[in-house]
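The values are calculated or read from the model by the stated rules, or taken from the named source; none is laboratory data. This one's a predicted model, so the numbers in the text were calculated from it and none came from an experiment. Reconstructed Cβ throughout: ideal geometry from the backbone, glycine too, with neighbour counts over all protein chains shown.
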Amino acid sequence: VVLFGSYARGDFTEGSDLDLCVVARELPEDELARRTLSGYCIPKVRAVGFFPDEFMKFLRERRFFVYDIVSEGIPVYDDGFFEKAREVYSECLEKFGIVREPQGWRVDG
């Protein structure tokens, strides 16, 4: 479980949601249900879910939403997965020439 977004960056406001990423094997099979973790409705909390292999695949495919999660995320609970994800993330930044900028991501490679 990783905290990301404005609370992780420290630029949250009164209206900010608490953004959580849950990476686990036991999540809904339906992709939309997994992404929104439907059934877990808590006001002001937005949780997104990924299977472990899916999250790593998205890193390798340069899906910048997961890059945001890894680059700014603060692990709340980690069994070692997030550390490995950070290693893959670093490898991808170098391999693809990806640079984080204030407004997003730039690919130089």
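For region 98-109, how many residues are within 15 Å of the chain's Cα centre (by Cα) and either at positive phi or in a loop (DSSP other than H, G, I, E, B) (or both)?
Going through region 98-109 one residue at a time, the tally reaches 1.
What number of residues within region 85-109 satisfy the criterion of being of a type outside the set (Gly, Ala, Ser) and touching a residue at least 12 places away in the same chain (Cβ under 8 Å)? Show your work before the answer.
Of region 85-109, the ones of a type outside the set (Gly, Ala, Ser) are 86-89, 91-96, 98-103, 105-108.
If we keep only those that are touching a residue at least 12 places away in the same chain (Cβ under 8 Å) too, we end up with 86, 88-89, 92, 95-96, 98, 100, 105, 107.
Counting residues in region 85-109 that are of a type outside the set (Gly, Ala, Ser) and touching a residue at least 12 places away in the same chain (Cβ under 8 Å) gives 10.
May I ask you to list pairs of residues, at least six apart or on different chains, whose Cβ atoms are under 9 Å apart, with the first in region 22-39 being over 18 Å from residue 76 (Cβ atoms) and in a loop (DSSP other than H, G, I, E, B) and the second being at pLDDT below 85 and of a type in the set (D, E, K, R)?
As it stands, the answer is 28/34; 38/30, since those pairs meet every condition given.
Can you name the residue in region 44-53 that is closer than 15 Å to residue 24 by Cβ and in contact with a Leu (Cβ under 6 Å, 6 or more places away or on another chain) and is also surrounded by the most Cβ atoms within 10 Å (Cβ to Cβ) among such residues?
That would be 49.
When only residues in region 54-63 that are touching a residue at least 12 places away in the same chain (Cβ under 8 Å) and either surrounded by fewer than 15 Cβ atoms within 10 Å (Cβ to Cβ) or of a type in the set (Lys, Arg) (or both) count, which is nearest to residue 100 (Cα to Cα)?
Narrowing region 54-63 to residues touching a residue at least 12 places away in the same chain (Cβ under 8 Å): 55-56, 59-60, 62.
If we keep only those that are either surrounded by fewer than 15 Cβ atoms within 10 Å (Cβ to Cβ) or of a type in the set (Lys, Arg) (or both) as well, we get 60, 62.
Working: 60: 16, 62: 13 Å.
The qualifying residue nearest to residue 100 (Cα to Cα) is 62.
Scan region 42-53 and report the pairs whose first residue is part of a strand (DSSP E or B) and whose second residue is buried (at least 18 other Cβ atoms within 10 Å of the Cβ) and among the small types (Gly, Ala, Ser), with Cβ atoms within less than 9 Å and a gap of 6+ or a chain change.
Matching pairs, first to second residue: 46/5.
Based on what the data block shows, is residue 81 modelled with pLDDT of 95 or more, under 14 Å from the mean Cα position of the chain (by Cα) and more than 12 Å from residue 2 (Cα to Cα)? Please lay out each step first, then the result.
Values: modelled with pLDDT of 95 or more: yes; under 14 Å from the mean Cα position of the chain (by Cα): yes; more than 12 Å from residue 2 (Cα to Cα): no.
Taking the combined requirement at face value, the residue does not satisfy it.
How many residues are surrounded by fewer than 15 Cβ atoms within 10 Å (Cβ to Cβ), touching a helix residue (DSSP H, G or I) at 6+ places or on another chain (Cβ under 9 Å) and among the charged types (D, E, K, R) if we restrict to region 72-90?
Total meeting the criteria: 1.
Is it fair to say residue 98 is β-branched (Val, Ile, Thr), out of contact with any Lys or Arg (no Cβ under 9 Å at 6 or more places or on another chain) and surrounded by 15 or more Cβ atoms within 10 Å (Cβ to Cβ)?
Working: β-branched (Val, Ile, Thr): yes; out of contact with any Lys or Arg (no Cβ under 9 Å at 6 or more places or on another chain): no; surrounded by 15 or more Cβ atoms within 10 Å (Cβ to Cβ): yes.
So residue 98 fails the test.
Limited to region 54-97, what total is found for residues that are part of a loop (DSSP other than H, G, I, E, B) and among the acidic types (Asp, Glu)? So that I can check it myself, show each step before the final result.
Step one: filter region 54-97 for residues part of a loop (DSSP other than H, G, I, E, B), giving 61-63, 73, 76-80, 97.
This time we only want the ones that are among the acidic types (Asp, Glu), so: 61, 78-79.
Number of matching residues: 3.
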